[in-house]
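Working notes for the structure below.
The values are calculated or read from the model by the stated rules, or taken from the named source; none is laboratory data. In this text the structure is predicted, and so the values were computed from the model without any measurement. As a convention, Cβ positions derive from the backbone with ideal geometry for all residues, glycine included, and neighbour counts pool all protein chains shown. These accessible areas exclude ligands, DNA and RNA; they are computed on the full protein's heavy atoms, side chains included. Shrake-Rupley method; radii C 1.70, N 1.55, O 1.52, S 1.80 Å.
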Amino acid sequence: MKLRQGQTWKLGDQYIRIVVLERLAVEYKILTDLLVREGTRHHASKKEFCNLIKKATLMSAADLQAQDPTFLP
């Protein structure tokens with residue numbers, strides 16, 4: 001699985017969206033509601049981020065469209 005900027009992952013009742021993807025680091029936002037789009041920003045190495053999303057599921061464009069009608073892939 002390749003990480004890409006803008007990917008959204010679902011982990012429990014939270015959503016994790018990649019905001020900035022660099023060579024060795026990831027800046028991500030943890031959201032509780034996709035429609036509000038407010039959350040806390042965090043920084044982590046790619047290894048730490050991959051461990052975080054190990055049990056998460058990647059949301060497809062169709063899933064995001066169903067959650068947020070204003071989402072454009």
Exercise for review: Say whether the condition of being in contact with a strand residue (DSSP E or B) (Cβ under 8 Å, 6 or more places away or on another chain) and open to solvent by 80 Å² or more (accessible area, probe 1.4 Å) is met by at least one residue in segment 61-71.
Suggested key: no
Practice item. Taking the residues in segment 17-50 that are farther than 13 Å from LEU3 by Cβ and modelled with pLDDT of 95 or more as candidates, determine which candidate is surrounded by the fewest Cβ atoms within 10 Å (Cβ to Cβ). Key: THR40
Exercise for review: Pull up segment 8-45, narrow it to residues that are polar (S, T, N, Q) and within 18 Å of THR70 (Cα to Cα), then point me to the one that is nearest to the chain's Cα centre (by Cα).
Suggested key: THR8
